[in-house]
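Beneath this line is the structure, given in structure tokens, with notes to follow.
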Amino acid sequence: MPGSGDREKALARWLGAGLLGLLIPMSLSLEVSVGKAAVIYAVNGTEILLPCTFSSCIGFEDLRFWWTYNNSDSPIIEGTVKNEKSDPKVTLKENDRITLEGTTKEKKNNISILLRDLQFSDGGKYTCHVKNPKENNLEHNATIILQVVDELEEVDNTVTLIILAVVGGVIGLLILIMLLKKLITFILKKTQEKKKECLVSSSGNDNTENGLPGSKAEEKPPTKV
């Protein structure tokens, strides 16, 4: 019968394998992105690109992707990507207003879609799904919200410009004050140095020719009669 030491080693190997099995899918899992903007706006009657890209640490094979609208489980467009050298291929499309704009060239892994002839009813939540069989069929998704409007509102930057002007003016004033302070300090320093030079020069004069009491007057010879 195996001893206690063998049982402990077997248990440690079993736990290690189980932990590794949990960590590997987590570290190799897909990442799906629809960009930084959670909400995008488009004008009625125009077209809009709904972005979606994916990445995988170990690559992909026979990858499946699809887009859904709002809470429906039925895809509005569906496709596959055979490998890193193959472009995405559409296998199902709900209507002709939807076009796949994706590519895997330059490792972009782009599966974005273009919506044409937008209508107000097209507004809503669009979710991009990706599943990679090479990673135990792990499925990841990302969502973006589309709002269809009559016209895009112009952003008023007046307040921002005023704030920037005020901040710039304050910074400029502070720099000017610092320069004036340095100039005044320099002038005062030079004035003090000149005063010191004057005092040293004055203290070195023995007043021998000014006729003041205590000074050494020039001795004159006696007058001959």
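The values are calculated or read from the model by the stated rules, or taken from the named source; none is laboratory data. Here the structure is a predicted model, which is why all the values come from computation and not from measurement. With ideal geometry, Cβ positions are generated from the backbone for all residues, glycine too; neighbour counts draw on all protein chains shown. Note: accessible area is taken over every heavy atom of the protein model, side chains too, but ligands, DNA and RNA are not part of it. Shrake-Rupley method; radii C 1.70, N 1.55, O 1.52, S 1.80 Å.
Brief remarks on what is shown
- Accessible surface ranking for 41, 126, 69, 1.4 angstrom probe, highest first: 41, 69, 126.
- Local net charge near residue 32, Cβ-Cβ under 11 Å (Lys/Arg +1, Asp/Glu -1): -1
- For residue 189, the shell of other residues with beta-carbons less than 14 Å away shows a net charge of +4, using +1 for Lys and Arg and -1 for Asp and Glu.
- Using the Karplus relation 6.51 cos²θ - 1.76 cosθ + 1.60 with θ = phi - 60°, the per-residue 3J(HN,Hα) values for region 180-197 come to 5, 4, 5, 5, 5, 4, 5, 5, 4, 5, 5, 5, 5, 5, 5, 4, 4, 4 Hz, with x marking Gly and Pro.
- The residues neighbouring residue 59, those whose beta-carbon lies less than 12 Å from its own, together hold a net charge of 0 under the Lys/Arg +1, Asp/Glu -1 convention.
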